[in-house]
Structures are given as C-alpha cells and as structure tokens.
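Novice: There's a structure below that I have some questions on.
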Amino acid sequence: MPQISGNLLAISDLHVGHPENRRIVAGLRPETEEDWLLVAGDVGEMSEDIDWALTTLASNFAKVVWAPGNHELWTPPKDPLRLRGTERYEHLVELCRSLGIVTPEDPYPVWRGPGGPVTVAPLFLLYDYTFRTHAGLSREEALAAAHEAGVVCTDEYLLHPDPYESRHAWCEARVRLTEERLGALDPDMPLVLVNHYPLVRTPMDVLRYPEFALWCGTERTADWHRRFPVAAMVYGHLHIPRSTVYDGVPFEEVSVGYPREWQRPGHPRTVPPRRIRPVVPAVRGER
C-alpha cells in the first residue's frame, strides 16, 4: 500500500461539559490533512456533549480512533439518554460508526504513515479493583477503606454494569475478549494500544489520593506490554499528562483534564494533542 504523510496524534479526558474544554476541542486541528487522532476516553458525560465532541473531531481529522472512558458510560440523572451498562456502550459504538470513528468493536486499523506500519488497537477493559493500597486487602476491604478516606469514584453511583452483576465482572469479560483478540494478531506487527486506563499499576504511584487507584485498571493486564509487540501505550484517566517508559515501552498519558487542573500554574502538560508517530524523543522517566 502507498505510504502516507501525516501524524498519529493522541488526546484524552476532554470533558467538554466544561466551556473551557469545549473551546479546546472546537479549536483542535490536524497538522496535516492525513493526521489521525487517538481519543483515549472521557470525551464527556452528557450524551449531547459526547455527540458534539465526536462529530467535531471526526469532521477535522482523517481518522479518529476512540476508546471509551468511564465518564461516557455514566448515566447522569439529567441526561435524556437513559441507557445503562452495555446498552449505553453499544449506543456509543453505533454513534462512532455513524461518524466513521473506529471503536474497540471494529477491525483494528493500520497506521502506514511516518513511524509505521503499526496496528492501532483501541481497547475497552474497565477495572476490577485490584490496584489496592495494600496487597493483603480484599476487594471489599479496599473499597471500605476508600469510602472511609472519602475517596470514592463517581462510577460507584453512575456507571452501571448491566447486565453484569458488577463492574469487575464486566471488566473480566472485556479483558478475556480483548486478550484473545490481541493474541490472534500478527506477532511481527507493532501495536499502539489505546485504553482509558494504563495497563500497569506503576503510574498510580504519583496519585495524590492513593485509594483512587482502585478505579484505574486491572492487574490482569500487567504483562500485556511485554507479551504483545507493543510499540506504545496511550492512556488517560489520571489527569497527569506525561511520558514514561516501562520495560522499554513508551506509555503516554495524554489527558486534558479539568480546567481547574490544566489552568494551574506548573501543571505538567504539553499542548494537546500528543504526537505518537513519528516518534518524538521526549520520554521522561523510566521504570
């Protein structure tokens, strides 16, 4: 296939319910007409906001690849869209498909521009409360400790797992499905994984409130960046934009976050979106 120009760009946690963030999204433009944009979740909370943001991005970039965050899966009390759980996720998938946006349910596209070819795999994995502050705690004990500390993710009230009995059961099903799919790919083709949560627990070491790690991923993916031919891992959720390397694999946290965060003096961020391909040698910190 012919080589293309352009950039593989990434961003997450747009939270366009905030007017300041909405202006950022309205102003996002590609650097070339062939740029792809990877969106690692948390576009917004209300269905109208999500629709607007995805429509806007799809109209400006050659291809948009979306992995859901936890906020898109909320069912806010004031949202006219009352779908919950898997039905809400499937609704979002169909919305994306109507806009030409790639979802975790679609064939993984191959980026053949500079720094390619690489297969771009958007993932939907959720979390299972295994990122605990103390290894000896059970899931129930860890959740109780988080409640006692006053650190509780809004997911506990707005992210419904229907028809699964729990969010961790939904996570288990998604991890199993995704693991099988990644295992069936060409082992010689590098991967760029796009997930709302990091695959490993180490990024949670910098959290201001350690208890929040419970809602940030699963130990079941801890070796995926080594088991599969991962060239880069793109994530968000933490609202701590940075570049790190784990076991030789670049991990890119590409969130915008809330205005109170990104407007704070000294907040560690780059101008979004982040370039993933071609590689820019600006990785900081290694574990």
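The values are calculated or read from the model by the stated rules, or taken from the named source; none is laboratory data. These figures come from a predicted structure and were not determined experimentally. Don't worry about glycine lacking a Cβ; one is built from the backbone with ideal geometry, like all the others, and counts go over all protein chains shown. These area figures cover heavy atoms from the full protein model, side chains too; ligands, DNA and RNA do not enter into them. Shrake-Rupley method; radii C 1.70, N 1.55, O 1.52, S 1.80 Å.
Novice: For the range 171-213, with only Lys/Arg (+1) and Asp/Glu (-1) charged at the beta-carbon, what is the dipole magnitude about the Cα centre, in debye rounded to 20?
Specialist: Working: 5 positive and 7 negative charges, 39 e Å.
The dipole of the range 171-213 has a size of about 180 debye.
Novice: Given a 1.4 Å probe, how much area per residue of the chain is accessible, in Å²?
Specialist: Accessible area per residue: 43 Å².
Novice: For the range 77-140, build the charge dipole from Cβ charges (+1 Lys, Arg; -1 Asp, Glu) around the Cα centre, then report which of T133, W111, L83 sits farthest towards its positive end.
Specialist: Towards the positive end, the residue furthest out is T133.
Novice: Then there is this: For labels at N60 and Y258 in the simple 7 Å Cα→Cβ model, what's the distance in nm?
Specialist: If labels sit at N60 and Y258, their model points lie 2.4 nm apart.
Novice: Using a 1.4 Å probe and counting only protein heavy atoms, arrange L177, L125, L81, L99 so the residue with the most accessible area comes first.
Specialist: Working: L177 90, L125 5, L81 35, L99 55 Å².
Highest to lowest solvent-accessible surface, that is L177, L99, L81, L125.
Novice: Just how large is the dipole of the chain about the Cα centre, in debye to the nearest 20, putting +1 at every Lys and Arg Cβ and -1 at every Asp and Glu Cβ?
Specialist: On the way: 30 positive and 40 negative charges, 158 e Å.
Its charge dipole is roughly 760 debye.
Novice: Over the Cα atoms, compute the radius of gyration (one decimal) and Dmax (the largest Cα-Cα distance, rounded to a whole number) for the chain, in Å.
Specialist: 17.8, 58
Novice: When only C-alpha pairs under 8 Å and at least 6 residues apart count, what is the relative contact order of the chain, in percent?
Specialist: For the chain, the relative contact order is 22 percent.
Novice: Say R0 is 41 Å: what FRET efficiency, to the nearest 0.05, do R139 and E48 get from their beta-carbon distance?
Specialist: Values: r = 35 Å, r/R0 = 0.85.
Between R139 and E48 the formula returns 0.70.
Novice: A further question follows. Lys and Arg at +1, Asp and Glu at -1: add these up for the other residues within a Cβ distance under 11 Å of V230 and post the number.
Specialist: Values: positive: R226, R227; negative: D223, D247.
With Lys, Arg at +1 and Asp, Glu at -1, the net is 0.
Novice: If you find the alpha carbon centre of the range 110-161 and of the range 68-86, how far apart are they in angstrom?
Specialist: Taking the Cα centre of each part, the range 110-161 and the range 68-86 sit 17 Å apart.
Novice: Additional query: Quick check on the chain: helices-only [θ] at 222 nm, where DSSP H runs of length 4 and up contribute -39,500 (n - 2.57) each and the sum goes over total residues. Nearest 500, please.
Specialist: After summing the helix terms and dividing by the residues of the chain, the value is -8000 deg cm²/dmol.
Novice: Related question: Relative contact order of the range 52-111, please, whole-number percent, based on alpha carbon pairs below 8 angstrom and at least 6 residues apart.
Specialist: Working: 39 pairs, mean separation 24.9, N = 60.
Taking the mean separation of contacting Cα pairs over the length of the range 52-111, I get 42 percent.
Novice: Now, a different point. Could you tell me the relative contact order of the range 1-82? Use alpha-carbon pairs under 8 Å, at least six residues apart, and round to a whole percent. Before the final figure, lay out each step's value.
Specialist: Details: 145 pairs, mean separation 26.2, N = 82.
Result for the range 1-82 is 32 percent.
Novice: In addition: Evaluate the charge dipole of the range 69-143 about its Cα centre and quote only its size in Debye, nearest 20, assuming +1 on the Cβ of each Lys and Arg and -1 on the Cβ of each Asp and Glu. Walk me through the intermediate numbers first.
Specialist: Values: 8 positive and 10 negative charges, 31 e Å.
My answer is approximately 160 debye.
Novice: Note down the Stokes-Einstein diffusion coefficient of the range 1-159 in µm²/s, whole number, using a Kirkwood radius over alpha carbon pairs, 25 °C, and 0.890 mPa s. Mind showing how you got there, number by number?
Specialist: Values: Rh = 17.3 Å.
Estimated via Stokes-Einstein, D reaches 142 µm²/s.
Novice: Picking from G116, G27, G217, which is most flexible by a Gaussian network model of the chain using Cα springs under 10 Å?
Specialist: G27
Novice: Of all accessible surface on the chain at a 1.4 Å probe, what whole percent is carbon and sulfur?
Specialist: On the way: 6400 of 12370 Å².
Heavy-atom surface of the chain belonging to carbon and sulfur, 1.4 Å probe: 52 percent.
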